[in-house]
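J.: First the structure, then my questions, so here it is.
Please treat every number below as a calculation from the coordinates, not as lab data. Worth saying up front: this structure is predicted, and the values here are computed from it rather than measured. Cβ sites come from the backbone with ideal geometry, for glycine too, and all protein chains shown count toward neighbours.
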Amino acid sequence: MDSPMEFVRKMPQPQELKRDYPADAALRQIKRQRDQQITDVLTGQDQRLLLIIGPCSADREDAVVDYMHRLARINEQVKDKLLIVPRVYTNKPRTKGVGYKGMLHQPDPEKGEDMLAGIIAIRQMHMRVIRETGFTCAEEMLYPSNFSYLSDLLSYVAVGARSVEDQEHRLVASGLGIAVGMKNPTAGDVTVMMNSIAAAQSQQEFIYRNWEVRTSGNPLAHAILRGFVDSFGRSHPNYHYENLWQLRELYETSGLQNPAVVVDTNHNNSGKRYLEQIRICMDVMHSRSLSPDLKGLVKGLMVESYLEDGCQKIGEGVYGKSITDPCLGWEKTEQLILRLADMT
């Protein structure tokens with residue numbers, strides 16, 4: 001019987017893509033500086049609040065870069081209080097495995113999948129953001145083997161709720177050399193997330209891209225709370241004061257390095273009611289203000305925002321409006337950033 005898997009084309013090796021689309025010395029220096037700044041926040045050397053913010057999915061380069069320029073301008077007003085890391089998420093997990101999977105798969109959402117064009121497009125977009133705004137960005141590590149295509153450009157990686165139990169994600173996270181946030185799984189068991197952090201912080205040996213590799217562990221692996229769903233499919237938050245204290249207690253008994261959490265204000269924490277992100281940010285900031293211990297634990301917030309409020313279907317053509325989860329529009333985003341800076 002013929003194989004049901006069709007081999008379409010051989011993809012370039014990461015070193016080949018980096019050779020053909022190189023990051024110059026200026027970009028590499030920006031990344032080194034930004035990596036160190038994020039390290040200093042997560043280790044408590046820098047008291048700024050980490051703000052990971054941007055579109056649910058980076059669906060088109062022009063709107064994404066426009067958003068990043070606006071973010072760079074507001075950053076000038078708040079950079080003493082906030083360390084902004086833009087979300088440039090170019091591959092999207094799909095619960096049922098169908099639908100738009102991000103620019104990596106479809107550089108044009110209205111056309112078919114083209115992974116070669118996609119991997120080139122996302123590398124070029126990340127380089128453009130760094131070159132034009134000075135931001136290095138965050139991505140979700142949906143496919144661990146693909147990290148190498150962007151390893152010289154990214155400063156933050158999130159391991160999603162569906163991936164956090166996966167062995168390969170945990171082991172690869174141990175060798176990335178940048179901050180990695182581990183989300184709690186969709187069912188909400190935070191001990192799963194803590195085990196994932198422990199694996200990522202540990203030395204590991206495994207096979208990666210056809211090489212036997214050895215890592216020294218990643219002390220910057222940390223928690224992301226994103227809410228959860230129960231057995232009836234109902235959303236429940238886990239960002240409240242009591243949740244944060246419970247997480248702190250888990251960290252105290254775990255022996256893990258650099259206890260830290262970033263609160264994801266959308267997804268099941270908001271029940272995907274995107275306007276709730278503003279209130280959730282205020283709630284978390286209030287919890288931080290009540291306890292020096294929680295202020296030391298809660299290192300950041302994650303917010304989904306774009307140029308326009310809400311979301312749209314593919315093909316509607318509204319510039320800067322999400323085609324995946326709904327996002328805060330720019331006006332609300334700007335106001336939120338300024339409020340967060342005042343509260344930090």
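J.: May I ask you to derive the relative contact order of the chain, considering only C-alpha pairs under 8 Å and at least 6 residues apart, and to give it as an integer percent?
T.: Values: 665 pairs, mean separation 56.1, N = 344.
Across the chain, relative contact order equals 16 percent.
J.: Let me ask something else. Would you work out the charge dipole size for the chain about its Cα centre, treating the Cβ of every Lys and Arg as +1 and the Cβ of every Asp and Glu as -1, and quote it to the nearest 20 debye? Write down the numbers at each step before the final one.
T.: On the way: 41 positive and 44 negative charges, 62 e Å.
It works out to roughly 300 debye.
J.: While we're here: Alpha carbons only, please: Rg and Dmax for the range 255-344, in angstrom.
T.: Spelled out, the Cα radius of gyration and Dmax of the range 255-344 are 15.0, 50 Å.
J.: Here's another thing I want to ask about it. At 222 nm, what value in deg cm²/dmol follows for the chain if DSSP H runs of at least 4 each add -39500 (n - 2.57) and the sum is divided by all its residues, to the nearest 500? Spell out each step's value before the answer.
T.: On the way: 11 runs with 134 residues, N = 344.
One gets -12000 deg cm²/dmol as the mean residue ellipticity at 222 nm.
J.: What list of whole percents do you get for P(r) of the range 17-85, with Cα-Cα distances grouped in 5 Å bins up to the one holding the largest distance?
T.: All Cα pairs considered, the percentages come to 3, 13, 17, 20, 24, 15, 5, 2.
J.: Can I ask one more? For the range 52-162, go through all pairs of different Cα atoms, get the mean of 1/r, take its inverse, and jot down that Kirkwood value in Å. Before the final figure, lay out the partial values.
T.: Values: mean 1/r = 0.0699 Å⁻¹.
This gives a value of 14.3 Å.
J.: In this model, which of LYS31/LYS272; LYS183/LYS272; LYS18/LYS299; LYS272/LYS299 are farther than 26 Å apart at the alpha-carbon? Working shown, then result.
T.: Working: LYS31/LYS272 32 Å; LYS183/LYS272 16 Å; LYS18/LYS299 32 Å; LYS272/LYS299 23 Å.
With Cα atoms farther than 26 Å apart: LYS31/LYS272; LYS18/LYS299.
J.: Follow-up question, since we're still on this one. How large is log10 of I(q)/I(0) for the range 14-343 at q = 0.10 Å⁻¹ when the intensity is taken from the Debye formula with one equal scatterer per alpha-carbon?
T.: The calculated log intensity ratios at q = 0.10 Å⁻¹ are -0.53.
J.: Let me ask something additional. Can you give the direction-averaged projected area of the convex hull of the alpha-carbon atoms in the range 165-238, in nm²? Before the final figure, lay out each step's value.
T.: Numbers: hull surface 20.7 nm².
For the range 165-238, the mean projected area of the Cα convex hull comes to 5.2 nm².
J.: Could you quote the convex hull projected area for the range 209-262, Cα atoms only and averaged over all directions, in nm²?
T.: Details: hull surface 25.4 nm².
Over every viewing direction, the Cα hull of the range 209-262 projects on average to 6.4 nm².
J.: Over its Cα atoms, what ratio of radius of gyration to 2.2 N^0.38 Å does the range 1-49 give?
T.: Numbers: Rg = 19.9 Å, N = 49, 2.2 N^0.38 = 9.7 Å.
For the range 1-49, the normalised Cα radius of gyration comes out at 2.06.
J.: Okay, moving on. By DSSP, what percent of the beta bridges with both residues in the chain are antiparallel, rounded to the nearest 5? Working shown, then result.
T.: Values: 8 of 39 bridges.
Roughly 20 percent of the DSSP beta bridges within the chain come out antiparallel.
J.: Using mean Cβ contacts within 10 Å as the protection proxy, how do 75-85, 116-126 order, highest first? Display every interim value, and only then the final one.
T.: On the way: 75-85: 17.0, 116-126: 20.0.
The densest-packed peptide leads the list: 116-126, 75-85.
J.: How many angstrom lie between the C-alpha centres of the range 286-321 and the range 17-36?
T.: 27 Å
J.: Roughly how large, in nm² to one decimal, is the mean projection of the convex hull of the alpha-carbon atoms in the range 272-321? All intermediate terms of the calculation are to be shown ahead of the outcome.
T.: Values: hull surface 16.7 nm².
For the Cα atoms of the range 272-321, the hull's average projected area reads 4.2 nm².
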